[in-house]
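S.K.: Structure in structure tokens, see below.
The values are calculated or read from the model by the stated rules, or taken from the named source; none is laboratory data. This one's a predicted model, so the numbers in the text were calculated from it and none came from an experiment. Here Cβ is always computed from backbone atoms with ideal geometry, including for glycine, and neighbour counts include all displayed protein chains.
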Amino acid sequence: MPKPKPRKHEWKDQYTLLCNRCGYIIENLYADSNCPECGHPIEKSLPTNRTGTPWQLHQQSMIALIKTWFMTIGKPSKVINTMKFDQANGKSMAAHTPFVAVILALLALVPMAITEGIGGTIFIILAVGLVGLLYWAMAAIYFRLSVIRLNLAGKKRSYKIDEQMAWSIIGHASSFWILIPASHAVILWIALITSHAEKSHRIDPNSTLNNILGYTVITLFLGSIPTSFVLSELFIFRASRRLRYINHSARPLFSSDTQQLLTKPSPADSPPQKP
């Protein structure tokens with residue numbers, strides 16, 4: 001019987017060094033040479049080349065988290081090329097992003113006390129906070145399902161995408177979900193300002209400006225969730241394609257077999273046997 005053909009990109013373990021561009025096995029080749037398959041420099045395929053995103057460099061820093069949001073939304077390719085792979089880091093960002101986004105949206109509503117009074121502002125904040133809890137639960141379910149989906153797709157297609165890498169990708173993809181609470185905070189501000197302007201007769205309810213503001217509110221309300229979902233899915237797709245052959249784990253210095261060999265005395269050190 002003929003032997004089954006091996007897969008196009010098949011490696012012996014997770015530490016096998018692959019070319020980041022084409023998946024060719026480049027283990028035991030010189031670091032200053034190029035991939036024999038595609039010509040990509042081997043040095044760029046080493047797992048030590050990634051510097052990490054601001055959140056990965058300064059965990060638990062809200063400033064670093066916000067910087068990572070803007071970096072992911074504005075320059076997704078740069079994030080994909082520089083982020084490190086750490087499961088705890090990815091989980092932490094996926095948990096912090098929707099929570100902090102809701103807190104910032106609530107803080108943006110505090111100045112409403114000037115126009116709506118303290119009682120009305122507290123009511124609005126409580127209502128938005130309740131919706132924010134549902135939003136956080138929805139985001140958590142989506143992130144977990146996305147990790148499972150990425151992990152299964154990696155195994156099916158022989159990609160080097162394990163759960164550790166999946167959480168790193170999903171953690172950064174969560175940046176696009178800040179658009180939901182941000183847009184809803186803007187909606188509330190537009191609605192309240194328009195209502196106040198109509199009551200004070202500063203704007204005609206049938207004016208062109210009022211119609212434009214109304215269409216803007218409807219667009220933000222109906223478009224924020226699908227837009228965030230589509231952008232996060234595009235980021236996940238791009239990251240999974242770009243990182244399918246990435247080397248995120250360096251091979252240990254010694255394997256278990258080598259360590260066992262090192263513990264055994266060499267023939268020169270062993271005492272001579274008696275005849």
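S.K.: Give the number of residues within the range 111-131 that are in contact with a His (Cβ under 9 Å, 6 or more places away or on another chain) and either surrounded by 18 or more Cβ atoms within 10 Å (Cβ to Cβ) or not β-branched (Val, Ile, Thr) (or both).
M.R.: 2
S.K.: Would you say residue 208 is farther than 25 Å from residue 80 by Cβ, loosely packed, with under 11 Cβ neighbours inside 10 Å and in the same structural domain as residue 71 (by TED's automatic domain parsing)?
M.R.: Details: farther than 25 Å from residue 80 by Cβ: yes; loosely packed, with under 11 Cβ neighbours inside 10 Å: yes; in the same structural domain as residue 71 (by TED's automatic domain parsing): yes.
Yes.
S.K.: Can you go through 82, 97 and tell me which one is over 30 Å from residue 199 (Cα atoms) and surrounded by 19 or more Cβ atoms within 10 Å (Cβ to Cβ)? Lay out the reasoning, then the answer.
M.R.: On the way: 82 fails: surrounded by 19 or more Cβ atoms within 10 Å (Cβ to Cβ).
Result: 97 is the single residue among 82, 97 that is over 30 Å from residue 199 (Cα atoms) and surrounded by 19 or more Cβ atoms within 10 Å (Cβ to Cβ).
S.K.: Test residue 102 against the criterion of being within 26 Å of residue 188 (Cβ to Cβ) and surrounded by fewer than 19 Cβ atoms within 10 Å (Cβ to Cβ), and give yes or no.
M.R.: The answer is no for residue 102.
Conditions tested, residue by residue: (1) farther than 23 Å from residue 173 by Cα; (2) outside the structural domain of residue 151 (by TED's automatic domain parsing); (3) modelled with pLDDT of 80 or more; (4) assigned to a helix (DSSP H, G or I).
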site	(1), (2), (3), (4)
202	yes, no, no, no
225	no, no, yes, yes
232	no, no, yes, yes
254	yes, yes, no, no
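S.K.: For the subset of the range 125-179 comprising residues that are among the basic types (Lys, Arg) and assigned to a loop (DSSP other than H, G, I, E, B), which member is modelled with the highest pLDDT? Working first, answer last.
M.R.: Restricting attention to the range 125-179, the residues satisfying the condition of being among the basic types (Lys, Arg) are 144, 149, 155-157, 160.
Filter once more, keeping what is assigned to a loop (DSSP other than H, G, I, E, B): 157, 160.
Details: 157: 82, 160: 85.
Only one residue tops the list, namely 160.
S.K.: Something else about it: Which of the residues belonging to the range 57-79 are closer than 21 Å to residue 237 by Cα, surrounded by 19 or more Cβ atoms within 10 Å (Cβ to Cβ) and either aliphatic (A, V, I, L, M) or not assigned by TED's automatic domain parsing to the domain that holds residue 186 (or both)?
M.R.: Hits for the range 57-79 are 71, 79.
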